[in-house]
Amino acid sequence: MSTPKRYTITAALPYTNGPIHIGHLAGVYVPADIYARYLKMQGKDVVFVCGSDEHGVPITIKAKKEGVSPQDVVDKYDGIIRKSFQDFGIAFDNYSRTSAKIHHETAAAFFEKLYKEGKFIEEVTQQLYDDEAKQFLADRFVIGTCPKCGNEESYGDQCEKCGTSHNATDLINPKSAITGNVPVLKETKHWFLPLDQYEPWLKEWILDSHKKDWKPNVYGQCKSWIDDGLRPRAVTRDLDWGIPVPVAGGEGKVLYVWFDAPIGYISATKEWAARENKDWEPYWKDQDTKLVHFIGKDNIVFHCIIFPSMLKAEGSYILPDNVPANEFLNLEGNKLSTSKNWAVWLHEYLEDFPGKEDVLRYVLTANAPETKDNDFTWKDFQQRNNSELVAILGNFINRVVVLTHKYYDAEVPQPGQLNETDENILAELRAYPAVIASSIEKYRFREAQAEMMNVARLGNKYLADEEPWKTIKTDEARTKTVMYVALQVAAALSSICQPFLPFTAKKLSTILNLKKNISWPQIASAEALLAPQHVIGKASLLFEKIEDDAIAKQLEKLENTKRMNQAEQKSVEEQKETATFEDFTKIDLRVGTIVSAEKMPKTKKLLVLKVDTGLDTRTIVSGIAEHFSPEEVVGKQVTVLVNLAPRKLRGTLSEGMILMTENAQGELVFVNPDEAQVSNGSTIA
């Protein structure tokens with residue numbers, strides 16, 4: 001694309017079943033905000049939209065757990081999320097809701113257009129149904145074993161462990177998330193988007209056209225999905241919470257959340273345009289508009305394959321130019337988990353660290369999971385604040401401002417003749433906007449922020465080398481020149497840091513008494529950013545040290561969470577339904593010995609065991625690889641359920657089950673028949 005006339009920037013719609021945490025910020029919202037702020041600083045025509053996704057199945061699950069209506073849940077969390085974003089400085093042009101009337105109308109009209117033009121296929125299929133709950137089970141109401149990686153906690157639409165997207169009926173051993181029962185198959189009618197018909201186009205559009213400019217993780221996941229072959233995808237669900245299917249025969253059904261939600265970007269733009277008295281259509285239908293989606297890696301398939309296919313089917317919309325998805329951020333070495341409360345929640349951070357919004361923005365960008373999963377630790381947070389923000393950026397600004405007040409009564413001095421060192425510093429300074437812009441436009445925000453900090457390093461080194469606190473006693477003219485140059489660096493920083501540290505930029509502008517913002521072209525030119533005789537404001541610390549006790553409190557909070565999770569895991573499960581004596585007599589438990597063991601390729605959990613049961617030597621696939629090495633288990637006597645119906649796991653037929661339990665420390669252990677050796681095949685009664 002030639003230089004775009006305008007930009008439409010979207011950030012993934014957060015589910016309103018919980019607050020925002022640092023994983024969301026690092027993966028989506030901070031990079032999107034940096035990009036939008038940068039473009040607006042360059043005078044570009046930009047609309048930056050987001051909104052609460054209020055129709056996801058997780059919301060109905062949350063409502064059931066809390067004993068309230070789904071509307072109560074979304075109202076509660078929309079308020080928390082909206083305020084958190086506002087307080088944190090995420091500068092959306094519009095933050096909407098998928099419960100808004102304009103969104104219902106937009107999504108329904110989109111569906112109707114595709115329906116009338118014959119873009120859907122209608123099928124009666126067998127779907128999982130919970131007899132006790134008396135309802136069909138939409139994706140997140142089903143949990144089972146992923147058919148690809150063996151993860152036993154995969155959802156019905158996607159495995160969060162390996163990223164594979166699938167249908168609920170593909171799961172091995174599916175269970176209802178509502179009752180825990182094994183669901184049955186029941187016929188129901190739905191409309192499908194025939195993704196297989198778009199496969200040739202997607203190959204050309206993604207695999208050929210975007211091979212070089214899309215991030216490798218995005219391109220790779222799309223290629224894997226397309227190479228596996230695309231299948232029709234249902235765009236409706238049997239639910240009572242969502243946007244009703246707006247055609248005959250759609251009674252009791254709603255639009256699938258992944259059909260409904262991305263249309264939320266369009267309706268949010270419409271809402272913004274109406275408020276601003278603008279035309280929304282150029283931002284979605286003009287080929288001179290650049291559309292960029294900021295998402296996490298778990299949303300790649302939906303934004304790169306399903307939503308573009310929907311837009312292509314509709315026919316009048318532009319397609320995304322880029323989808324710079326990030327990987328995941330972990331917390332203190334463990335995966336972030338909303339259900340386990342293993343997270344740093346944004347609204348709690350803002351309460352615990354008032355006035356330190358930019359510290360978190362800085363740390364999350366410096367440690368952004370742009371190419372691989374990264375880890376957030378509170379010690380690193382403290383170190384980056386104290387050793388970088390305080391000691392480098394804050395220290396430079398403070399020295400410049402304090403010395404200007406001390407030597408020149410807060411007035412920018414008239415410089416003398418610039419020497420080679422001065423000229424080199426100013427030449428380097430003028431080059432930085434282009435360097436930083438290049439990184440931002442390539443979605444390398446970590447790299448761009450590092451270059452911003454290099455400007456502060458440049459200023460610090462210049463002051464340290466020139467030592468104006470010494471030359472003031474021996475060469476007043478030289479001191480004026482040095483302070484003048486240092487003040488130019490400080491002024492440039494007030495502008496350069498704005499996309500990354502907006503609160504700091506505003507504070508620095510106040511300290512320097514700037515009447516208007518400094519543009520990046522100004523920095524790149526030879527003109528003075530702070531003219532002689534300009535009077536700056538009073539010194540004020542940009543950043544403060546974070547002490548050990550503040551970090552200790554956060555670590556203690558996480559430790560308490562960990563203890564609570566462990567206690568919940570160790571709590572005694574409720575007694576299962578009564579079994580008859582006849583049921584019990586069917587179970588055949590035997591003593592066996594593991595004679596060989598090896599890891600199943602491309603899995604983390606599974607070991608393939610050969611077990612001598614006394615009856616025979618059989619293969620048993622067991623999910624214990626994260627707890628035991630193959631070498632540890634060979635020779636162990638174990639309890640085996642030998643008459644379990646065989647089933648295939650990852651292509652290997654498993655002919656039994658090893659009995660395991662957890663000890664008091666939460667470690668997985670074998671259920672041994674006895675400490676003494678027992679003959680293989682001995683029955684356990």
> Is it true that VAL323 is of a type in the set (Val, Ile, Thr), over 19 Å from ILE551 (Cβ atoms), open to solvent by less than 10 Å² (accessible area, probe 1.4 Å) and under 17 Å from the mean Cα position of the chain (by Cα)?
Replying inline: yes
> Within the stretch 162-208, restricting attention to residues that are closer than 25 Å to CYS149 by Cα, open to solvent by less than 20 Å² (accessible area, probe 1.4 Å) and among the hydroxyl-bearing types (Ser, Thr, Tyr), which residue is modelled with the highest pLDDT?
Replying inline: SER176
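Just one of LYS461, LYS470, LYS480 is of a type in the set (Lys, Arg), more than 35 Å from the chain's Cα centre (by Cα), open to solvent by 10 Å² or more (accessible area, probe 1.4 Å) and under 19 Å from GLU527 (Cα atoms); which is it?
On the way: LYS461 fails: under 19 Å from GLU527 (Cα atoms); LYS470 fails: under 19 Å from GLU527 (Cα atoms).
Selected residue: LYS480, the only one of LYS461, LYS470, LYS480 that is of a type in the set (Lys, Arg), more than 35 Å from the chain's Cα centre (by Cα), open to solvent by 10 Å² or more (accessible area, probe 1.4 Å) and under 19 Å from GLU527 (Cα atoms).
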>> I'm trying to understand the selection: among the residues of the stretch 43-62, which are outside any loop (DSSP other than H, G, I, E, B) and either within 29 Å of ILE518 (Cα to Cα) or out of contact with any helix residue (DSSP H, G or I) (no Cβ under 7 Å at 6 or more places or on another chain) (or both)?
In response: VAL46, VAL47, PHE48, VAL49, CYS50
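Take the conditions without any contact (Cβ under 8 Å) to a residue 40 or more places away in the chain and open to solvent by 20 Å² or more (accessible area, probe 1.4 Å) and apply them to ASN299. Does it pass? Step through it out loud before you land on a result.
Numbers: without any contact (Cβ under 8 Å) to a residue 40 or more places away in the chain: no; open to solvent by 20 Å² or more (accessible area, probe 1.4 Å): yes.
Considered against the rule, which asks whether it is without any contact (Cβ under 8 Å) to a residue 40 or more places away in the chain and open to solvent by 20 Å² or more (accessible area, probe 1.4 Å), ASN299 comes out as no.
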> From the list LYS134, LYS211, which residue is out of contact with any strand residue (DSSP E or B) (no Cβ under 7 Å at 6 or more places or on another chain), farther than 29 Å from LEU311 by Cα and open to solvent by 60 Å² or more (accessible area, probe 1.4 Å)?
Replying inline: LYS134
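Matching residues to (1) touching a strand residue (DSSP E or B) at 6+ places or on another chain (Cβ under 6 Å); (2) of a type in the set (A, V, I, L, M, F, W, C); (3) at pLDDT 95 or above; (4) within 30 Å of MET600 (Cα to Cα):
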site	(1), (2), (3), (4)
LYS83	no, no, yes, no
GLU105	no, no, yes, no
ALA109	no, yes, yes, no
PHE120	yes, yes, yes, no
THR125	no, no, no, no
ILE143	yes, yes, no, yes
CYS146	yes, yes, no, yes
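Taking the stretch 417-460, which residues are of a type in the set (Asp, Glu) and either farther than 28 Å from GLU327 by Cβ or not in a helix (DSSP H, G or I) (or both)? I'd like the intermediate steps shown before the answer.
Filtering the stretch 417-460 down to residues of a type in the set (Asp, Glu) leaves 420, 422-423, 428, 441, 447, 451.
Across the stretch 417-460, the qualifying residues are GLU420, ASP422, GLU423, GLU428.
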> For the stretch 64-96, how many residues meet the condition of being farther than 18 Å from ILE34 by Cα, of a type outside the set (S, T, N, Q), open to solvent by less than 60 Å² (accessible area, probe 1.4 Å) and in contact (Cβ under 8 Å) with a residue 40 or more places away in the chain?
Replying inline: 7
>> I'd like to verify a number: residues in the stretch 517-571 that are part of a helix (DSSP H, G or I) and surrounded by 13 or more Cβ atoms within 10 Å (Cβ to Cβ), how many?
In response: 13
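The values are calculated or read from the model by the stated rules, or taken from the named source; none is laboratory data. It should be emphasised that the depicted structure is a prediction, and the values quoted were computed from it without experimental measurement. Here the Cβ is made from the backbone with ideal geometry for all residues, glycine too, and neighbour counts use every protein chain on show. Just so you know, the surface numbers come from the protein's heavy atoms only, side chains and all, with ligands and any DNA or RNA stripped out. Shrake-Rupley method; radii C 1.70, N 1.55, O 1.52, S 1.80 Å.
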